[in-house]
1. Give the residues of segment 2-19 that are on the phi < 0 side of the Ramachandran plot, out of contact with any Asp or Glu (no Cβ under 9 Å at 6 or more places or on another chain) and in a loop (DSSP other than H, G, I, E, B), sorted by residue number.
2. Residue check: is Gly164 of a type outside the set (S, T, N, Q), in a loop (DSSP other than H, G, I, E, B), touching a Ser or Thr at 6+ places or on another chain (Cβ under 6 Å) and modelled with pLDDT under 95?
3. Do we find a residue being under 20 Å from Leu160 (Cα atoms) and over 16 Å from the mean Cα position of the chain (by Cα) anywhere in segment 78-88?
4. Just one of (1) under 25 Å from Val140 (Cα atoms); (2) in contact with a Pro (Cβ under 7 Å, 6 or more places away or on another chain); (3) hydrophobic (A, V, I, L, M, F, W, C); (4) crowded, with 19+ Cβ neighbours inside 10 Å trips up Ala71, so point out which.
5. Considering every residue within segment 132-145, establish whether at least one is touching a helix residue (DSSP H, G or I) at 6+ places or on another chain (Cβ under 9 Å), within 19 Å of Tyr32 (Cβ to Cβ) and surrounded by fewer than 17 Cβ atoms within 10 Å (Cβ to Cβ).
6. So the check is Cβ under 8 Å with 6+ separation or different chains; which pairs have a first residue in segment 48-68 that's free of Cβ contacts under 8 Å to residues at least 24 places away in the same chain and a second one that's of a type in the set (Phe, Trp, Tyr)?
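The values are calculated or read from the model by the stated rules, or taken from the named source; none is laboratory data. Everything numeric here is computed off the predicted structure, so don't read it as measured data. Using ideal geometry, Cβ is built from the backbone for each residue, glycine included, and neighbour counts are taken over all protein chains shown.
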Amino acid sequence: MMEKKRGFAVVHRFSEANLTLPKRSTAHSAGYDFSAAEDFLLPTIWRMNFVRLFRLIRNEHTLVNRDYEQAEEVLKPYLVPTGIKAYMEDDEFLMLANRSSNPLKRGLVLPNGVGVIDADYYNNPSNEGEIFFQLVNFGVRDVVIHKGDHIGQGIFMPYLLADGDDGTGDRRQGGFGSSDR
């Protein structure tokens, strides 16, 4: 029997949701298309508190912490769930990228440019390795992402170690963003 090297599975919390595993749309596509696991409202950043901050700056008002905090409440990425986890070889990662049509047609961008899903993210104890896409809506209207809408793509990639790196380190304990220090 051949050992599985890389692929996708549905996380337990969406096991009854009838999700489709990511797949490539054409024979020569590098990326596997990810879809939203559920309906999701992605609000526009152009909300009152964010626009209010611009007005204060333009009118040369002194800004206080609460002004920044109110703007930050709306100017933030949202985590859109996919209900999917990815397994791969230890020397690989899954690069998450935006769909080329998202910024142009829907005003949606990945604020981190690309996402990196490490091999040890799979089945982590915090969230079972569920993959989320961070999205920001720069459009002027809220966007409703419907279950099954394509929201991004994942590309399996190998990586190399630097000289002197033996590949040992701490074992992942958490989920999304857990390796940030």
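1. Met2, Glu3, Lys4, Ser15, Glu16, Leu19
2. no
3. There is at least one residue in segment 78-88 that is under 20 Å from Leu160 (Cα atoms) and over 16 Å from the mean Cα position of the chain (by Cα).
4. (2)
5. No, every residue in segment 132-145 fails to be touching a helix residue (DSSP H, G or I) at 6+ places or on another chain (Cβ under 9 Å), within 19 Å of Tyr32 (Cβ to Cβ) and surrounded by fewer than 17 Cβ atoms within 10 Å (Cβ to Cβ).
6. Here the result reads Leu53/Tyr68, each pair linking segment 48-68 to a residue that is of a type in the set (Phe, Trp, Tyr).
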